[in-house]
1. Is the shape of chain A rounded, prolate or oblate, going by the alpha carbon gyration tensor and its root eigenvalues a ≥ b ≥ c, with a/c under 1.5 for rounded and a/b larger than b/c for prolate?
2. Around residue A:207, which amide H atoms from residues at least 5 apart in sequence, or from another chain, sit under 5 Å from its own amide H, with H modelled in the peptide plane?
3. For residue A:325 and residue A:200, calculate 0.36 nm times their separation in residues minus their Cα-Cα distance, and state this gained length in nm to one decimal.
4. Where a ≥ b ≥ c are the square roots of the eigenvalues of the C-alpha gyration tensor, would you call the range A:22-115 rounded, which needs a/c under 1.5, or, failing that, prolate if a/b is larger than b/c, or oblate?
5. Rounding to the nearest 20 debye, state how big the charge dipole of the range A:108-224 is about its Cα centre with +1 on each Lys and Arg Cβ and -1 on each Asp and Glu Cβ.
6. Can you give the FRET efficiency for residue A:32 and residue B:173, using 1/(1 + (r/R0)^6), R0 = 30 Å, r = Cβ-Cβ distance, to the nearest 0.05?
7. Rounded, prolate or oblate: which one fits the range A:62-216, using the alpha carbon gyration tensor with axes a ≥ b ≥ c (rounded when a/c is under 1.5, else prolate when a/b beats b/c, else oblate)?
8. Only helices at least 27 Å long along their own axis, judged from Cα atoms, and with Kyte-Doolittle mean hydropathy of 0.5 or greater: name those in chain B from DSSP H.
Amino acid sequence: MTSLVGEPTQREATAAAPAPRRSFVGGAASTVVAVVGGFALGAILLAIAGAPPLAAYVDLFAGAFGSRRAVERVLVEASPLLVIGLGLGAAYRAKVWNIGAQGQFDLGAMAATSLIAVAPGLGALLLPGALVVATATGAAVGWIIGVLKARYDANVVITSLMFNYIIFSALAWSVRRPLKDPDGFFPASASIPDAARLPLLFDTRVNVALLVGLAATAALVWLFRRGILGFWIDMVGASPTVAEAAGIPVRRVLVTASVLSAGMAGLAGGLVLLGTEFRLSMTISSGVGFTAIVVALLGRLRPFGILAAAIFIAALEVGGDDMQRTQGVPAAAVRVIQALLVVCLLLANRVSERTAT
Amino acid sequence: MSWEAVIGPAAILPLLAAGIRLAMPIVLAAVGECFCQRTGVINLGLEGIMLAGALSAFGAEYSTGSPLIGALAGVGAGLVFGAIVAALVVEARIDQIIVGISIVLLASGITSFAYLDVFGVTSSPPRVQGWPLWEVPVLSDLPGVGVVLFRQPPLVYAAVGMTLVVWWLLARTRLGLSARAVGERPDAAEAVGVSPRRVRWIGVLLSSGMTGFAGAVLISSLGLFQDGVTAGRGWVAVAIVVLARWNPLGAIAGGFAFGLVDAFQLRVQATSGGVDAAVPYELFQALPYIMTLAVVVLAAMRFRRDAQPAALGTPYVAQH
């Protein structure tokens, strides 16, 4: 029942969003149902496209886990998804719908490249400095978006998205002109010097970005279990008016959530630049900012869920390339399956909510 | 680049005409979304729905050669995705923002996949004819106005007609009154016999169908399809709804403003030195989005939210 002021009541507000606190079994069960449902629907799509679904799925998973190389690739792919996804999960819990992770990622990569280009002689400080700059520029955009939301209630989806397009244009220009490698043909920056590259873990092909992701996971688990900010974020997300009445600084929380998610996206941009790509170009992100949204939603906005989702989605991405090679199915099928998983999860959540209350 | 070539006397009229043509998809989507949001539902899936409509229209026109069938296919695709949105938002009462984002992900994934699967990767993309320009007899010979307003593809006139119909529906009919009531006080509306569920379904389907049609209009003026061809127009349409304070007539004006900026930046790019221009062309590519961002911020700062439907974004539980 809507109240007289038209403001959703507490029950209404929490009923429809993916509420972070629920029984573990109920949550796990609905995730399993969602995954099965999503793959079932995906199988229909594959069949329509003329590929035998079972064989395609076998190729998909074999391509992701079938060899040590593949597993390493999955972990490398999962790291930026994890970092961005964790930030988005935190923001979404405050109902700050940052869709601009893509642009914030690009900006972070641009900033890191710029630092290396203007100050290559920093030596040991080059790598951490580049990552700090990457995080800071992403966070700056997040701050703008957050303030616009907190002060003027500007729609975060639209503002963050517009930044995506604007930043992409800036990226396109930067690799064509100021940051372009003078010796190269394509619009791309010069290769990142070894001093700035991320070290690898032991003798694997996995770089330390994975550790950054795991550390961030731990930090966010603590934030939401023990930290006051996590509690405030959840309260603001549930109902801003109730939170305000309870004395929570709603505006500051909104801005912080936005800054956090954008900063982590920028950091991911730096990590990918210095750990995998080693060169700034227009395709540096390959859509990771949007895939991370899927990761955050599939992970049901909880840090451990996002960790699992990041690995799972990374497996789909890596396996999808294999599936394209062997079955002739466009890798875009993976994007469809991911979206189907999200929709199925939304439905499964809803059903489990209805049966729980 | 000379300003003469962009807005000089010889260039200004074709610029305005192009502005109208480019504005149409956004106007259609924005007007439909106005209606939908007035019933209290935010349909955030417009970008994906427009893409789906665009691909369906392209595919249908490519295989049948008929732009009319393409347009109908666009509407059909819009309605299909609209039904999915309505089922999730009105029936299952899932958070409208998340549903919108998910639908965009789903629709853009499906269109990307379907296009690649059917057409594959080609060096020169397949094209369709689109509608030829239709010159309104007598009126198109008027100096100035004639070129701009009366020499447009038929879809433009159809789009203008549709938007006026939606405005009239919302402002002057019983359905429109019911819709607005549901958007403000769904429980009160239900008490007098209106079905909020039915009205919201209509709102979602209307906005989705119009947005699918907008995709068809886009394809008609471009003549081809490519991944992400909508380039954010669906999102801009949602922004315009707020700027227009949920008034379809305002949405028409806002959409035209965007179309004009779009036409302007394209013209600047075409007449400048290209890659050697002093001002980078990427800046002009970003111009429509910079403008939309500025507009959103301005609207949020200046306009008080009293024009916003009170029940916007709130799922409604029937009170039987």
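Since every read-out is calculated from the coordinates, none of them should be taken as a lab result. Remember, it's a predicted structure, so these values are computed and weren't measured experimentally. Methodologically, a virtual Cβ is constructed for each residue, glycine included, from the backbone with ideal geometry; neighbour enumeration extends over all protein chains shown.
1. On the way: a/c = 1.85, a/b = 1.16, b/c = 1.60.
Oblate, because a/c is 1.5 or more while a/b does not exceed b/c.
2. For residue A:207, whose amide H was placed from the backbone, the distant partners under 5 Å are A:201.
3. Contour length minus Cα-Cα distance gives 42.2 nm.
4. oblate
5. 260
6. So, using R0 = 30 Å, E works out to roughly 0.05.
7. Oblate shape, in that a/c is at least 1.5 and b/c is the bigger or equal ratio.
8. B:9-38, B:67-86, B:96-119, B:196-222, B:248-271, B:281-302
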